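Working notes, beginning with the structure itself.
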Amino acid sequence: MLLGFYSDIHGNLDALVFTLDGLRALGVDYLFCGGDVAGYGARPNECLELIRFAQGDERIERARVDEILAETSLADPGTLADFLAVTPNRTVKGNHDHAAVTPGAELIFNSFAARAIIWTRRELTDENIGWLEELPLSLDIAENGLPAERGNDSPLLFRLVHASPHEPERWHYLLNRQEIKRAFNSLDVPFCFIGHTHQPVFFEQHEDGYIEVITDSDIVPSLFRRYIINVGSTGQPRDNDPRACAATFGYGDSLRKMKIRLHRFLYDNELAAERILKANLPPELAGRLLRGV
């Protein structure tokens, strides 16, 4: 089984398309989106519609997907569209998704982010607003890759949440040991996948409770430890690497041969920046795409 994770797209259609195509090429069986599909970037509706299509929303027709993919420089859009049509996807809500559909919520953001949220709110279609409003804050997923709902007898494997398993509605940033410890204290599953900080990293809790911060590109997890994995940002990386970021989690029967790996994908970030400028969004949001900050 190979699971693919991506998060913090932030209206960056070009990064989303090349990330999804990269995960396709890796052979993932399931897709999981950590939220913040909207905010900052200039193509929020298109990003949302691609993800809705992958999630099985029948209101998004294949012709619309083909139209969206044609806006990008992807060499083989038909193959990606075929992949999205048959590969299950699940999504949780991010803080920018919440703010985009909640008037007044932009007041907690800095001026650039607030301007982008107000612009995004005006641009979103009613269908996309409704879809964002209904997104869950967290999802528990079983070993068979399906949501841990009634009738799924497969053991619980991981939680998907945008910011932290501790009070997910308050969007805590796991940037200090106190918040990381709170996150583990709230976690009752072996793995948790998050985004939010735009900085990929592994947090490993040892058997004695010690929390190790791992910045390698991949890890082989231990069945006796617990993990919080920040999958980084697809659409606006902030770790000084402008390439889109995503992650995969591979494992065999009974969780044999586990490996979690971070991946980087090149995309046309100059085109994505140009889209931001043409939309009259803050130019600072365009510039950071070129530098990965």
- Message: How would Thr79, Thr72 line up from fewest to most surrounding beta-carbon atoms within 10 angstrom?
- Response: Thr79, Thr72
- In the range 166-271, GluC sites (Glu not before Pro) in a DSSP loop with at most 12 other beta-carbon atoms within 10 Å: Glu207
- Note on the structure: Ranked from fewest to most other Cβ atoms within 10 Å of their own Cβ, Lys259, Lys278, Lys93 fall in the order Lys278, Lys259, Lys93
- Task: Using just the helices of the chain, give the 222 nm mean residue ellipticity in deg cm²/dmol: DSSP H runs with n ≥ 4 each add -39,500 (n - 2.57), and the total is spread over all residues, rounded to 500.
- Result: -10000 deg cm²/dmol
- Task: Select from Ile260, Ile108, Ile51 the residue whose mean-square fluctuation is largest in a Gaussian network model of the chain (Cα-Cα springs shorter than 10 Å).
- Result: Ile108
- Query: How about the range 132-198: which trypsin sites (Lys or Arg not before Pro) there are in a DSSP loop, with at most 11 other Cβ atoms within 10 Å of their Cβ?
  - Reply: Arg150
- DSSP loop (so not H, G, I, E, B), at most 16 other Cβ within 10 Å: list which chymotrypsin sites (Phe, Trp or Tyr not before Pro) in the range 202-293 pass both filters. Tyr210, Phe224
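Based on Cα coordinates alone, diagonalise the gyration tensor for the range 90-158, multiply each eigenvalue by 5, take square roots, and list the semi-axes in whole Å, largest first.
In descending order the semi-axes read 32, 13, 8 Å.
Throughout, read-outs are computed from the coordinates displayed, never taken from laboratory work. Because the structure is a prediction, the values reported are computed rather than measured. We place every Cβ from the backbone using ideal geometry, glycine too, and count neighbours over all the protein chains shown.
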